[in-house]
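Structure, as C-alpha cells:
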Amino acid sequence: MGLQPLEFSDCYLDSPWFRERVRAHEAELDKTSKFIKELLKDGKNLIAATKNLSAAQRKFAHSLRDFKFEFIGDAETDDERYIDASLHEFSNFLKNLEEQREILALSVTETLIKPLEKFRKEQLGAVKEEKKKFDKETEKNYSLLEKHLNLSAKKKELQLQEADNQVEQNRKHFYELSLEYVCKLQEIQERKKFECVEPVLSFFQGLFTFYHQGYELAKDFNHYKMALQINIQNTRNRFEGTRSEVEDLMNKIRRNPQEHKRVNHFTMEGYLYVQEKRPAPFGSSWVKHYCTYRKETKKFTMIPFEHRSGGKVGDEELFILTYCTKRNTDTIDRRFCFDLEASDRPGIPMTMQAFSEEDRKLWMEALDGKEAVSAQLDKIGFAIIKKCISAVETRGINDQGLYRVVGVSSKVQRLLSLLMDAKTCNEVDLENPADWEVKTITSAMKQYLRSLPEPLMTYELHGEFIVPAKSGSPDSRVNAIHFLVHKLPEKNKEMLDILVKHLANVSNHAKKNLMTVANLGVVFGPTLMRPQEETVAAIMDLKFQNIVVEILIENHEKIFKTLPDATFPEPISTSVSPPNAPPRQSRRQGQRNKRPLAVYNLCLELDDADSHSFPKEDTPTGSMDSLSSQSPTPAFSSSPPGLLERNHLIMDSGDLADWTANHPGQSRSSMVSWMNTPSPSTAATNTAPSFSILNPATASDRAMESVVCRKAVAVYPCEAEHSSELSFQLGAIFEDVQFSREPGWLEGTLNGKRGLIPQNYVQFL
C-alpha cells in the first residue's frame with residue numbers, strides 16, 4: 001500500500017493520525033534523497049572508471065602503433081607487410097572507439113549527474129527547509145497555547161482579551177504554514193518520479209549510442225579482419241615449412257660444424273684469451289677478445305668482450321702480423337697457447353690462448369704458425385750453445401747474478417725459436433745489446449738444455465751420479481764422477497765439456513758476477529740432471545745434483561782432459577735414502593751473526609714492461625758452500641725452487657723476524673738497504689761488504705729442540721711449483737709448522753693440506 005494523501009482540512013485538526021501521515025511522507029523523501037546521493041556517487045565512479053579505461057586503452061593503442069616487427073632477410077612478403085601494418089590498424093580502431101567513449105563520459109555528466117544534483121538540491125532541499133519551518137511553528141504554537149491557558153482568570157479583562165487575540169493570530173499563521181508544507185510534500189512526491197527517471201533514461205540513451213558506434217566500427221573493421229586472418233594463416237603455413245628445413249640444417253651443423261662454416265672475408269675468426277701483462281708484483285691477467293684475421297693483408301684485429309659483464313664491447317685493436325709460433329707447456333703454465341708478433345712491436349710477442357687443441361690448430365694454420373722446434377744434440381744444438389756462450393763471455397761475464405736473473409718468457413721463447421730454426425739461426429746477432437739482453441740469452445740457453453728429450457747427463461746414469469755425491473771423501477767423489485762422465489754418450493760428453501768449461505770461466509769472475517761454484521750448481525743441477533720418474537725420494541736428492549755440477553766445474557780439466565783410472569771400480573748404484581733419513585748438508589762453524597753485513601738481491605728489477613713473466617725455473621735447494629770440495633768460501637744461501645724469480649731476498653726466518661719486528665710497514669727495498677748497510681766495524685775499516693748469508697739449515701738445527709709444531713704467518717705470497725709444496729697468499733696462517741729435513745724449508749698445514757713451505761717466506765707466531 002502506498003502513502004496516504006494529506007488532506008488540507010486535517011491541517012486544522014492536526015490530529016495524531018495526520019502527523020503520522022506527514023512523517024510517512026517525510027521518510028519517503030529522506031529515502032529518495034539517500035538514493036539519489038548514492039546514485040550520484042556511483043555515477044561519478046563510473047565516469048572516473050570510464051576515463052581510466054579510456055586512458056588505458058589509449059596507452060595500449062599507442063604501444064601497438066609504436067611497435068614494428070623486424071623481418072629476417074632483405075625483403076618481406078605481402079602477407080608479412082600486412083601483418084606488420086595490422087598493429088597500426090588495431091591502434092586506429094582503439095583510438096576511434098575511445099573517442100566515442102569520451103563522448104559517453106561527457107554525456108553522463110550532463111544528462112545524469114547534473115540533473116540529479118539539481119533536483120536533490122533545489123526540490124528535496126526546499127522540502128527540508130519547509131519542514132524546519134513547520135517544526136519550529138509547531139513548537140511555537142503549542143508553547144504559546146499552553147502559556148495562554150495558564151493565565152490567571154483574575155487578570156484584567158483587557159489583558160485577557162489581548163492574550164486571546166495573540167493566540168488566535170498565531171494559530172492562523174500556523175495553519176497557513178501547515179497548508180503550504182502539506183502541499184509541498186505532495187508535490188515533491190509526484191515530481192520525483194519524472195525528475196529522477198528522465199536523467200537515467202538519457203544516460204542509457206548515451207550508452208546505447210556508444211555501443212552502436214562500437215558496432216558500426218566493428219562492421220567497418222570486419223573486412224580488414226577477414227583479410228588479416230588469411231595473411232596470418234599464410235604466414236603460419238610458411239613458418240611450418242621453413243622450420244623443418246632450419247632444424248635439418250641445425251642438426252647438420254651440430255654433427256660437423258667445420259663443414260658448414262659460413263663463408264666470409266675473414267680467414268679465421270673467434271674468441272681468444274690474450275695475456276695482458278701488468279707491473280710487478282701483480283703478474284698478468286687473461287682477457288677474452290674476439291679476434292679476426294685476413295691472410296691476404298695479414299691484418300689481425302682484437303676486440304675485448306666479456307659476456308658476463310653485460311656484453312660491453314671494448315675498443316678495437318688492429319695490427320699487421322709478422323710472426324706466429326706455438327707455445328709449449330714447459331714455457332708457460334697454460335695449455336693451447338701460441339705467440340704472435342706485430343710489425344709495430346718487433347721483439348715483443350703477444351701470448352694468446354685458444355679454447356682447445358683443435359681450436360689452436362685452426363688458428364695456427366690460418367696464421368701460418370710454426371711448431372716449436374724440439375731440442376736435439378745435433379749440429380744446430382751445438383751451434384746454439386756455442387753462440388750463446390760466446391755472447392755471454394763477450395758481453396756479460398761480469399754481470400751480477402748471471403744465469404740466476406731470468407729473462408722475459410716471451411722474449412726467451414722468441415730467441416730460442418729463431419736459434420733452433422736452421423733458416424734463421426745464422427741471422428741472429430747475439431753480440432748486439434740492442435737486440436738481445438744477456439739475461440734473455442742465458443735463459444734461452446738453459447731452456448734449450450731443459451728441452452732436450454733427456455737430460456744431458458742421461459736418465460740411465462742419473463742414479464750413479466747421485467751416489468758419490470752422498471758420501472765418500474772429496475777425492476773419491478771426483479774420481480767417481482770422472483769415471484761416470486766418460487760413460488756418457490760421446491755427444492753428451494762433448495756438450496757437457498763445452499758447457500762446464502764455460503761455467504768454470506763464469507765462476508772465475510765470481511768477485512764481480514757473484515756466481516760462485518755453489519750458485520752455479522744450484523742453477524744447473526736440475527738443468528743437467530733429472531730423474532726419469534718424479535718421486536718424493538727424487539725431490540730429496542735435488543741438492544745432490546747441485547753437488548755433482550760443483551764437482552764438474554771445480555775439476556773440469558781433470559775430468560774432461562784426462563782419462564779415468566782404468567782400475568777404478570765402477571760405482572755401485574744404491575737405493576735412494578728413505579724418507580726418514582736426514583740429508584747430508586754442510587754446516588758453517590761459529591756464532592750466527594744477528595745481522596748479515598749485506599745481501600745481494602739476485603732478483604734484479606726487470607726494466608721491460610712484461611719482465612714479471614718468467615719461464616719456469618727449477619732451482620732447488622742446494623748447499624751453502626761447495627759440498628764437493630768442502631771449501632770454506634762463503635756463497636749464496638740455498639733457495640727453494642723459483643725463489644729468486646719471485647723478487648724476494650734470500651734470508652732466513654730469523655733475519656725476517658728481526659726486520660718485521662723493528663721496521664713495521666717498511667717496503668722490500670728498505671729491507672735491502674738495511675741489509676746492505678755495513679756494520680760499524682766494517683764502515684770503520686772502509687772495506688766493502690761481503691755477501692755472506694747464513695745457511696737456513698744452521699738456524700733450523702739450533703731451533704729444532706725448542707720450536708716444534710708452532711704456528712707461522714706468511715710474509716710473502718708464494719706459488720707452488722711442485723705438488724709437494726704449498727701455495728699461499730700474504731697473511732696465510734700455517735698450523736703444525738715443523739722444520740723440514742730439506743735445508744731452508746719448513747713443513748706445515750694450510751687449509752687441511754700439508755706440504756713444504758719456504759722458510760724465508762714465513763714468520764713464526
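The values are calculated or read from the model by the stated rules, or taken from the named source; none is laboratory data. Because the structure is predicted, anything quoted here is derived from the model rather than measured. Using ideal geometry, Cβ is built from the backbone for each residue, glycine included, and neighbour counts are taken over all protein chains shown. Calculation scope for accessible area: heavy atoms of the full protein, side chains included, ligands and nucleic acids excluded. Shrake-Rupley method; radii C 1.70, N 1.55, O 1.52, S 1.80 Å.
In the structure displayed, which of 295/411; 386/511; 295/379; 132/172 lie more than 29 Å apart, Cα to Cα? Before the final figure, lay out the partial values.
Numbers: 295/411 25 Å; 386/511 24 Å; 295/379 34 Å; 132/172 18 Å.
Result: 295/379 exceed 29 Å.
What is the percent carbon and sulfur in the accessible area of the range 275-376, measuring with a 1.4 Å probe over the protein chains and ignoring ligands?
On the way: 2890 of 5560 Å².
On the range 275-376, the fraction of accessible area on carbon and sulfur atoms equals 52 percent.
Using amide H atoms built in the peptide plane, which far-off residues or other-chain residues are under 5 Å from residue 286 H to H?
Counting only residues 5 or more places away or on other chains, the set is 276.
Compare the Cα positions of 537, 452, 442 along the charge dipole of the range 379-561 (+1 at Cβ of Lys, Arg; -1 at Cβ of Asp, Glu; about the Cα centre) and return the one farthest towards the positive end.
The Cα lying farthest towards the positive end belongs to 442.
Quick one: with all protein chains in place, what share of the accessible area of the range 379-561 is carbon or sulfur, to the nearest percent (1.4 Å probe)?
Numbers: 3270 of 6500 Å².
After summing per-atom areas, the C and S share lands at 50 percent.
Using the Cα centre of the range 274-426 as origin and beta-carbon charges of +1 (Lys, Arg) and -1 (Asp, Glu), tell me which of 412, 342, 293 is placed farthest towards the positive end of the dipole.
412
Tell me, what ³J(HN,Hα) does each residue in the range 548-559 have, in order and in whole Hz, if you take phi through Karplus 6.51 cos²θ - 1.76 cosθ + 1.60 with θ = phi - 60° and put x for Gly and Pro?
4, 5, 4, 4, 4, 5, 6, 10, 4, 4, 5, 5
Among the listed pairs 326/446; 37/136; 41/219, which have their C-alpha atoms separated by more than 24 angstrom in this model? Mind showing how you got there, number by number?
On the way: 326/446 19 Å; 37/136 27 Å; 41/219 35 Å.
From the list (326/446; 37/136; 41/219), the Cα-Cα distance tops 24 Å for 37/136; 41/219.
Give me the 1.4 Å probe accessible area per residue for the range 379-561, excluding ligands and nucleic acids, in Å². Walk me through the numbers on the way to the answer.
Working: 6500 Å² over 183 residues.
Heavy-atom accessible area per residue stands at 36 Å².
What are the lysines whose alpha-carbon lies under 20 Å from the alpha-carbon of residue 156, with same-chain residues fewer than 8 places away excluded?
Qualifying lysines at Cα under 20 Å: 147.
Residue by residue through the range 525-541, what is 3J(HN,Hα) from phi via Karplus (6.51 cos²θ - 1.76 cosθ + 1.60, θ = phi - 60°)? Round to whole Hz and write x for glycine and proline.
x, x, 7, 8, 9, 6, x, 6, 10, 8, 10, 4, 4, 5, 5, 5, 8
How far, in nm, would the chain grow between residue 267 and residue 328 when pulled straight, counting 0.36 nm per residue and subtracting the alpha carbon separation?
Values: separation 61, 0.36 × 61 = 21.96 nm, distance 2.46 nm.
Going from the current span to full extension adds 19.5 nm.
Which of the trypsin sites (Lys or Arg not before Pro) found in the range 416-486 are loop residues per DSSP with 10 or fewer other Cβ atoms within 10 Å of their Cβ?
On the way: sites: 423, 439, 446, 450, 470, 477; in loops: 423.
Taking the range 416-486 and a limit of 10 other Cβ atoms within 10 Å, the loop trypsin sites (Lys or Arg not before Pro) found are 423.
So, by mean Cβ neighbours within 10 angstrom, what's the order for 739-750, 320-331 with the highest one leading? Please list the in-between numbers first.
Details: 739-750: 21.7, 320-331: 17.0.
Sorting 739-750, 320-331 by mean packing, highest first, produces 739-750, 320-331.
With only Lys, Arg, Asp and Glu charged, each at its Cβ (+1 for the first two, -1 for the last two), find how big the charge dipole of the range 371-496 is about the Cα centre; round to the nearest 20 debye.
Values: 16 positive and 16 negative charges, 54 e Å.
Using Cβ point charges on Lys, Arg, Asp and Glu, the range 371-496 gives about 260 debye.
Find, among the GluC sites (Glu not before Pro) in the range 425-500, those assigned to loop by DSSP (not H, G, I, E, B) with at most 12 other beta-carbon atoms within 10 angstrom. Present the calculation step by step, with values, prior to reporting the outcome.
Values: sites: 427, 431, 437, 460, 464, 490, 494; in loops: 431, 437, 460.
In loop regions of the range 425-500 (DSSP not H, G, I, E or B), the sparsely surrounded GluC sites (Glu not before Pro) are 431, 460.
If we count every other residue with Cβ under 12 angstrom of residue 85's Cβ, Lys/Arg +1 and Asp/Glu -1, where does the sum land? Intermediate values should be presented prior to the final figure.
Values: positive: 65, 68, 81; negative: 76, 78, 79, 80, 84, 89.
Value of the local net charge: -3.
For residue 68, what charge total do you get from the other residues with a beta carbon under 15 Å from its beta carbon, if Lys and Arg give +1 and Asp and Glu give -1?
-4
According to the square roots a ≥ b ≥ c of the eigenvalues of the Cα gyration tensor, what is the shape class of the range 268-367, taking rounded for a/c under 1.5, prolate for a/b larger than b/c otherwise, and oblate for the remainder?
Values: a/c = 1.24, a/b = 1.06, b/c = 1.17.
Rounded shape, in that the Cα axes give a/c under 1.5.
Taking only protein heavy atoms into account and a 1.4 Å probe, give the accessible area per residue of the range 712-764 in Å².
On the way: 2090 Å² over 53 residues.
Here the residues of the range 712-764 average 39 Å² of exposed surface.
To the nearest Å, what is the center-to-center distance of the range 200-245 and the range 389-416, using C-alpha atoms only?
Taking the Cα centre of each part, the range 200-245 and the range 389-416 sit 84 Å apart.
Using Cα-Cα distances under 8 Å and only pairs 6 or more residues apart, what relative contact order does the range 379-561 have, in percent?
Numbers: 207 pairs, mean separation 48.6, N = 183.
The value is 27 percent.
Around residue 355, under 11 Å between beta carbons, what's the net of Lys plus Arg minus Asp minus Glu among the other residues? Walk me through the numbers before you get to the answer.
Details: positive: 288, 335, 360; negative: 357, 358, 359.
In short, 0.
Within the range 217-240, what residues put their amide N at less than 15 Å from the label point 7 Å along the Cα-to-Cβ vector of residue 72?
Counting only backbone N, you get 235-240.
Order 710-716, 409-415 from most to least packed using the mean count of other Cβ atoms within 10 Å.
Values: 710-716: 18.1, 409-415: 25.0.
In descending order of packing, they fall as 409-415, 710-716.
For the range 49-115, state which chymotrypsin sites (Phe, Trp or Tyr not before Pro) are in a DSSP loop and have at most 16 other beta carbons lying within 10 Å of their beta carbon. Before the final figure, lay out each step's value.
Values: sites: 60, 67, 69, 71, 82, 90, 93; in loops: 67, 69, 71.
Passing sites in the range 49-115 are 67, 69, 71.
Please list 3J(HN,Hα) in residue order for the range 508-524, calculated via the Karplus relation 6.51 cos²θ - 1.76 cosθ + 1.60 where θ = phi - 60°; whole Hz, with x for glycine and proline.
Each residue's phi maps through the Karplus curve to give 5, 9, 5, 4, 9, 8, 6, 9, 6, 4, 4, 5, 5, x, 4, 6, 9 Hz.
State the percentage of accessible surface on the range 1-70 attributable to carbon and sulfur atoms; use a 1.4 Å probe and exclude ligands, DNA and RNA.
Details: 3030 of 5010 Å².
Summing carbon and sulfur atoms, their accessible area is 61 percent of the total for the range 1-70.
Taking the range 712-764, how much of its Cα-Cα pair set, in percent, is spaced more than 12 angstrom apart? Let's see the in-between values first.
Numbers: 777 of 1378 pairs.
So the portion of pairs separated by more than 12 Å is 56 percent.
Working out 0.36 nm times the residue gap between residue 424 and residue 379, then minus their Cα-Cα distance, what length gain in nm do you get to one decimal? All intermediate terms of the calculation are to be shown ahead of the outcome.
Details: separation 45, 0.36 × 45 = 16.20 nm, distance 1.43 nm.
Residue separation times 0.36 nm, minus the Cα-Cα distance, leaves 14.8 nm.
Using a 7 Å offset from the Cα along the Cα-to-Cβ direction at both residue 248 and residue 460, what is the distance between the two label points in nm, to one decimal?
With each label point 7 Å from Cα toward Cβ, the separation is 6.5 nm.
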